1. Sorting R45, R57 on the 10 Å Cβ count, fewest up front, what's the list?
2. Please arrange T35, T51, T11 by counting, for each residue, the other beta carbons lying within 10 Å of its beta carbon, fewest first.
3. If you rank I50, I20 by fewest surrounding Cβ atoms within 10 Å, what's the result?
Amino acid sequence: MPAAHHPRRPTRAGAANRCILGNALASAGFVNYPTEWWHWSFGERYWAYITQARYARYGIAEDLTLAASR
């Protein structure tokens, strides 16, 4: 991909948009992976660790076909 389409650093407008997005996600309770500006989590193990929650809100999904046959 040409450098003009994939800059190492965002433009000023891009940085401002990332800031807006980050503030919105953080205010909704999401947590960010520090090395990936685009990677946010909510409710899983990493989120529980960062927020010091007693447990994750969800984990591995149960197979719904098995649950329906019970």
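1. Details: R45 13, R57 10.
Listed from fewest to most nearby Cβ atoms, that is R57, R45.
2. T35, T11, T51
3. By the 10 Å Cβ count, ascending, the order reads I20, I50.
Since every read-out is calculated from the coordinates, none of them should be taken as a lab result. Keep in mind that this is a model prediction, so the values were computed, not measured. Note: ideal-geometry Cβ built from the backbone for every residue, glycine included; neighbour counts use all protein chains shown.
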